[in-house]
Amino acid sequence: MSLGWLRWVWDNRSRVLPLLICSTALLGVYDLAGHPFATLILLLAFVTCFLFSAWTLRSSVPPVGALLAVAVVLRLSLLLLPPTLSDDVYRYIWDGRVASQGINPYLHAPDSSRVAPLRDELWEKVAHRDVETVYPPLAILFFSIASLFRDPVLAWKSLLVVIDLTTCVLLLRLADLWKVPRGRAIGYLWNPLVAIEVAGMGHVDALGVLPLVAGALALSAGRDHASDAWRESSPSARALGTLVAAFAVSLSVLAKLVPLVLLPLWAKLSGRPVVFLASALGVLGIVGLPVLWHTGGVPAGLVTYGVSWEFNGPLYEPLWRLLEVTRADDLIKASIRLAEKLSGAEYGGRLYEWVYPRLLAKVLLGALLVGVVIVSIRRRLDLGSGSLTVLGAVILTSATVYPWYVLWLVPFAALTGRFSWLVLSGTITLAYIPQLLGVPLFPWVYVIVWGPFWVFALVSHRSRRPAAAALRVSD
């Protein structure tokens, strides 16, 4: 076995060693929430070193062994971190324990008397104990497996690291298939956000990202990524790729609901939209309908999340404040009263309680997301750019954007070379500042988190416009 990758690592030690030092230093801090200033300094250093490496190596073709070796070390160095930045992992294990005992976690919140015999120290660490689970069935299945181990948190995080490293391998294969420089994969493989949120904090999103990347790989087989045309391949091979992609994205949705928005775009790009949608929705129906049947509709936990949760929404934060200042809710209520007078009907009483700035903002941004999905279908977008556009719209229109939510778009941001999104994957870690320092998110932390992304996005957009114009002239 050739060890040429070791020489490459040594030759690029100025890019590799700072990353490894930062990750090791975070392990040295250990209790990240307990040492906020040290944590923030190391996070800034980690992110800066990563962005330098990702930018300077974006056009290179590093050995696969070098890329994976650094990815492995980054994750293993953070595996033993206690999940002090987020307590989600305790909820995962609790939901898994409940399900493994034959109790429906969609019906019984941790505070329910039905699960009282299961309470112990783990239960005390669970947040939002009055809310039923929000996680889909595949996630619950994996939670249940992890809950069976003596140290379920370490078992869960170890499982996620294996899953995430598999994602890294598939992403390198996808880079070769899309004919983009392998160095772009550094945007995911060496990303501090990925290492911290998966290996360190143990977030379930990694479970969904793997089948998503696998689905992109299946959908790309036999296709010219640059022109979105089919290369020489048999119809049966393309049909198989469509079925595999549909199954894979279904698994991703069953881990977390985010990729639902990708179904229309991927169906179009598959070339067999009916087959793709029938296959994907068939899998989701087989697994998901029993949940909806037993809960009598949308699970209560999801409803609570959709209506009540909010944190760090990039468009949501300023929008609801604008609606509140302009008293848009009063205008809408006045319009309802006028409609009642003109029609003689009385229906406003049922509507008034839902007319308030925060919910109005969520409705408007939801409509914007639907519009982006529709436009992504109508425009000629390739798989990478289209997926990034839709997933990016999910992030931008969401009322809640925790750092680990950005994991979903990082693979596509990396391979498409959209550096502004990689910048966001770095600055989003600063969304922990309110928790670490006890300061409000809005406005200053909000600006620190989102400002660099918007600046880079604007600069990138302006730089692409002349290139696009030149391409049209040459055509």
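The values are calculated or read from the model by the stated rules, or taken from the named source; none is laboratory data. Small disclaimer: the values here were computed from a predicted structure and weren't measured. All Cβ positions, glycine included, derive from the backbone under ideal geometry; neighbour counts span all protein chains shown.
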- line: Glu324 fails exactly one of (1) in contact (Cβ under 8 Å) with a residue 40 or more places away in the chain; (2) part of a helix (DSSP H, G or I); (3) over 30 Å from Pro273 (Cβ atoms), namely (1)
field: Flag if Ile163 is within 18 Å of the chain's Cα centre (by Cα) and more than 21 Å from Thr48 (Cα to Cα)
entry: yes
- line: Selection from the stretch 203-227 of residues modelled with pLDDT of 95 or more and touching an Asp or Glu at 6+ places or on another chain (Cβ under 8 Å) yields His203, Val204, Asp205, Ala206, Val209, Leu210
statement: Taking the stretch 116-136 and keeping only residues that are assigned to a helix (DSSP H, G or I), surrounded by 15 or more Cβ atoms within 10 Å (Cβ to Cβ) and of a type outside the set (A, V, I, L, M), one is left with Trp123, Lys125
- line: Of those in the stretch 306-321 that are of a type outside the set (Lys, Arg), in a helix (DSSP H, G or I) and at pLDDT 95 or above, the residue nearest to the chain's Cα centre (by Cα) is Tyr316
- prompt: Failed condition for Ala413, given (1) of a type in the set (A, V, I, L, M, F, W, C); (2) surrounded by fewer than 21 Cβ atoms within 10 Å (Cβ to Cβ); (3) in contact (Cβ under 8 Å) with a residue 12 or more places away in the chain, with all others met?
  reply: (2)
query: If we scan the stretch 253-261, do we find a residue that is modelled with pLDDT under 95, surrounded by 15 or more Cβ atoms within 10 Å (Cβ to Cβ) and either over 25 Å from the mean Cα position of the chain (by Cα) or not in a helix (DSSP H, G or I) (or both)?
result: no
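For every residue, the table says whether it meets (1) surrounded by fewer than 23 Cβ atoms within 10 Å (Cβ to Cβ); (2) among the acidic types (Asp, Glu); (3) under 20 Å from Arg182 (Cα atoms).
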site: Gly371; (1), (2), (3): yes, no, no
site: Val375; (1), (2), (3): yes, no, no
site: Arg379; (1), (2), (3): yes, no, no
site: Ser398; (1), (2), (3): no, no, no
site: Tyr405; (1), (2), (3): yes, no, no
site: Leu409; (1), (2), (3): no, no, yes
query: If you go through the stretch 156-177 one residue at a time, how many are basic (Lys, Arg) and crowded, with 24+ Cβ neighbours inside 10 Å?
result: 1
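Listed residues Gly426, Gly392; which is within 16 Å of the chain's Cα centre (by Cα) and either without any contact (Cβ under 8 Å) to a residue 60 or more places away in the chain or not in a helix (DSSP H, G or I) (or both)?
Working: Gly426 fails: either without any contact (Cβ under 8 Å) to a residue 60 or more places away in the chain or not in a helix (DSSP H, G or I) (or both).
Exactly one residue qualifies, and that residue is Gly392.
What number of residues within the stretch 369-382 are closer than 22 Å to Leu407 by Cα and at pLDDT 95 or above? Walk me through how you get there before you give the answer.
We begin by selecting, within the stretch 369-382, every residue closer than 22 Å to Leu407 by Cα; these are 369-370, 372-373, 376, 381-382.
Within this subset, residues satisfying the condition of being at pLDDT 95 or above are 369-370, 372-373.
Qualifying residue count, the stretch 369-382: 4.
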message: Going residue by residue through the stretch 425-442, is there one that turns out to be out of contact with any helix residue (DSSP H, G or I) (no Cβ under 8 Å at 6 or more places or on another chain) and either surrounded by fewer than 18 Cβ atoms within 10 Å (Cβ to Cβ) or over 23 Å from Asp205 (Cα atoms) (or both)?
response: yes
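Can you tell me which of Ala146, Ala175 is in contact (Cβ under 8 Å) with a residue 60 or more places away in the chain, in a helix (DSSP H, G or I) and closer than 25 Å to Ala248 by Cα? Talk me through it step by step, then tell me what you get.
On the way: Ala146 fails: in contact (Cβ under 8 Å) with a residue 60 or more places away in the chain.
Being in contact (Cβ under 8 Å) with a residue 60 or more places away in the chain, in a helix (DSSP H, G or I) and closer than 25 Å to Ala248 by Cα holds for just one of Ala146, Ala175, which is Ala175.
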statement: Matching residues in the stretch 43-76 (farther than 24 Å from Leu424 by Cβ and out of contact with any Phe, Trp or Tyr (no Cβ under 9 Å at 6 or more places or on another chain)) number 4
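Condition test on Ala139, is it buried (at least 20 other Cβ atoms within 10 Å of the Cβ), in contact (Cβ under 8 Å) with a residue 40 or more places away in the chain, part of a helix (DSSP H, G or I) and not β-branched (Val, Ile, Thr)? Full working, then the answer.
Working: buried (at least 20 other Cβ atoms within 10 Å of the Cβ): yes; in contact (Cβ under 8 Å) with a residue 40 or more places away in the chain: yes; part of a helix (DSSP H, G or I): yes; not β-branched (Val, Ile, Thr): yes.
Here the answer is yes, as Ala139 does meet what is asked.
From Val194, Val198, Val153, Val180, which residue is aliphatic (A, V, I, L, M), surrounded by 17 or more Cβ atoms within 10 Å (Cβ to Cβ), in contact (Cβ under 8 Å) with a residue 60 or more places away in the chain and within 20 Å of Leu254 (Cβ to Cβ)? Walk me through how you get there before you give the answer.
On the way: Val194 fails: within 20 Å of Leu254 (Cβ to Cβ); Val153 fails: within 20 Å of Leu254 (Cβ to Cβ); Val180 fails: within 20 Å of Leu254 (Cβ to Cβ).
That would be Val198, the only listed residue that is aliphatic (A, V, I, L, M), surrounded by 17 or more Cβ atoms within 10 Å (Cβ to Cβ), in contact (Cβ under 8 Å) with a residue 60 or more places away in the chain and within 20 Å of Leu254 (Cβ to Cβ).
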message: Can you say whether Ser343 is modelled with pLDDT of 95 or more and among the hydroxyl-bearing types (Ser, Thr, Tyr), as far as the supplied structure shows?
response: no
- line: Among the residues of the stretch 268-305, the number that are touching a residue at least 12 places away in the same chain (Cβ under 8 Å), outside any helix (DSSP H, G or I) and closer than 25 Å to His128 by Cβ is 1
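Residue-by-condition table, conditions (1) modelled with pLDDT of 95 or more; (2) of a type outside the set (Val, Ile, Thr):
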{"site": "Val180", "(1), (2)": "yes, no"}
{"site": "Ala185", "(1), (2)": "yes, yes"}
{"site": "Met201", "(1), (2)": "yes, yes"}
{"site": "Ala229", "(1), (2)": "no, yes"}
{"site": "Ser233", "(1), (2)": "no, yes"}
{"site": "Ser250", "(1), (2)": "yes, yes"}
{"site": "Leu265", "(1), (2)": "yes, yes"}
{"site": "Phe276", "(1), (2)": "yes, yes"}
- prompt: Can you tell me which residue in the stretch 25-42 is surrounded by the most Cβ atoms within 10 Å (Cβ to Cβ), limited to those that are β-branched (Val, Ile, Thr) and within 25 Å of the chain's Cα centre (by Cα)?
  reply: Thr39
message: Could you tell me how many of the residues in the stretch 307-325 are buried (at least 20 other Cβ atoms within 10 Å of the Cβ) and either among the β-branched types (Val, Ile, Thr) or more than 12 Å from Phe442 (Cα to Cα) (or both)?
response: 3
statement: Filter the stretch 268-306 for residues that are more than 29 Å from Tyr402 (Cα to Cα) and of a type in the set (S, T, N, Q); the one that is surrounded by the fewest Cβ atoms within 10 Å (Cβ to Cβ) is Ser279
- prompt: In the stretch 410-440, which residues are farther than 15 Å from Phe456 by Cβ and among the polar types (S, T, N, Q)?
  reply: Thr429, Gln435
